[in-house]
1. Which residue, Phe125, Phe142, Phe19, tops the fluctuation ranking in a GNM of the chain built on C-alpha contacts under 10 Å?
2. Work out, in µm²/s and without decimals, the Stokes-Einstein translational diffusion coefficient of the chain at 25 °C, 0.890 mPa s, Rh from Kirkwood over C-alpha pairs.
3. Across the range 97-111, in residue order, what do the Karplus-derived ³J(HN,Hα) couplings come to in whole Hz, using 6.51 cos²θ - 1.76 cosθ + 1.60 with θ = phi - 60° and x for Gly and Pro?
4. Based on DSSP, what percent of beta bridges with both residues in the chain are antiparallel, to the nearest 5?
5. So if we plug the beta-carbon distance of Asp65 and Lys42 into 1/(1 + (r/R0)^6) with R0 = 35 Å, what FRET efficiency do we get, rounded to 0.05?
6. Determine the shape class of the range 83-170: with a ≥ b ≥ c the square roots of the Cα gyration tensor eigenvalues, call it rounded for a/c under 1.5, and otherwise prolate if a/b is greater than b/c, oblate otherwise.
7. Count charges around Trp76 for me, please; just the other residues with Cβ under 9 Å from its Cβ, Lys/Arg as +1, Asp/Glu as -1.
8. Sequence-distant or interchain residues sharing an amide H contact under 5 Å with Tyr121, placed H: which?
Amino acid sequence: MDIADPQRVRLEPWSEGDFWLLQRNNAPEMTEHLGGPETAEKLVARHRSYLSPDRGQMYRVTLVDSGDTVGSIGFWERAWRDGTVWETGWGVLPEFQGRGIAAEAARAVIKAAGSAGLHQYLHAFPSVDHSASNSVCRRAGFELLGAVKFEYPKGHWITSNDWRVDLEGV
C-alpha cells in the first residue's frame, strides 16, 4: 500500500529496482554527515535489509504530479534509552533539495509509522551540524529533546540532535 501526502509526495515501498537510488544517496555530498560513503558490499546488504525489513519500512519518495523519484525515507526499530522506538532517516537527491520535499516526506512517514503501531515515538537523529535535516525535523513537527552522542555508522560517534514525534493519535 502506498502512503501519500495530499500535497506533493508519495511514499512507495522499497523494491528490487530501487538499488540505483541507494547508490545515488551514497555520494560523498549525501553522506558527509553520516560518516561518508559505504562500500559496495554494505550497500548490497542495506538494499537486502530494505527489501525484507523485520519491522518498519523503507520507501522511495516520488512526486505525485510527475512520478519522478526524488529520494528515500523510512522508519525502523531502534533500542533507545529504556525502550524501543521507531527511528527515521531520509535523503533527497541534490537536484530536488531546497523545495520542502524532505519535510513533506517526513510528515508522510510520521503517518506511516503511526499506522504501523508498536511504538509510541518516532525519533530522528541528525547531526547538530546538519542544518537542513534539523530544519526538516522542525518543519515536519518533531520536538527537539536535545543533543546526544550517537553512533553511526558503527564505530563513528557524532553529536546529534534527538528529535521526537509522539505517534499517539496520529
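No value in this document is a laboratory result; all are computed from the given coordinates. Note that this is a predicted model, so its numbers are computed, not measured. Virtual Cβ from ideal backbone geometry, glycine too; neighbours counted across all protein chains shown.
1. Phe19
2. Details: Rh = 16.1 Å.
Stokes-Einstein gives a translational diffusion coefficient of 152 µm²/s.
3. Using θ = phi - 60°, the values come out as 6, x, 10, x, 5, 4, 5, 5, 5, 5, 4, 5, 6, 4, 4 Hz.
4. Numbers: 37 of 40 bridges.
The antiparallel proportion sits near 90 percent.
5. 0.55
6. Here the range 83-170 falls in the oblate category.
7. That sum, taken over residues with Cβ under 9 Å, equals -1.
8. Trp86, Leu167
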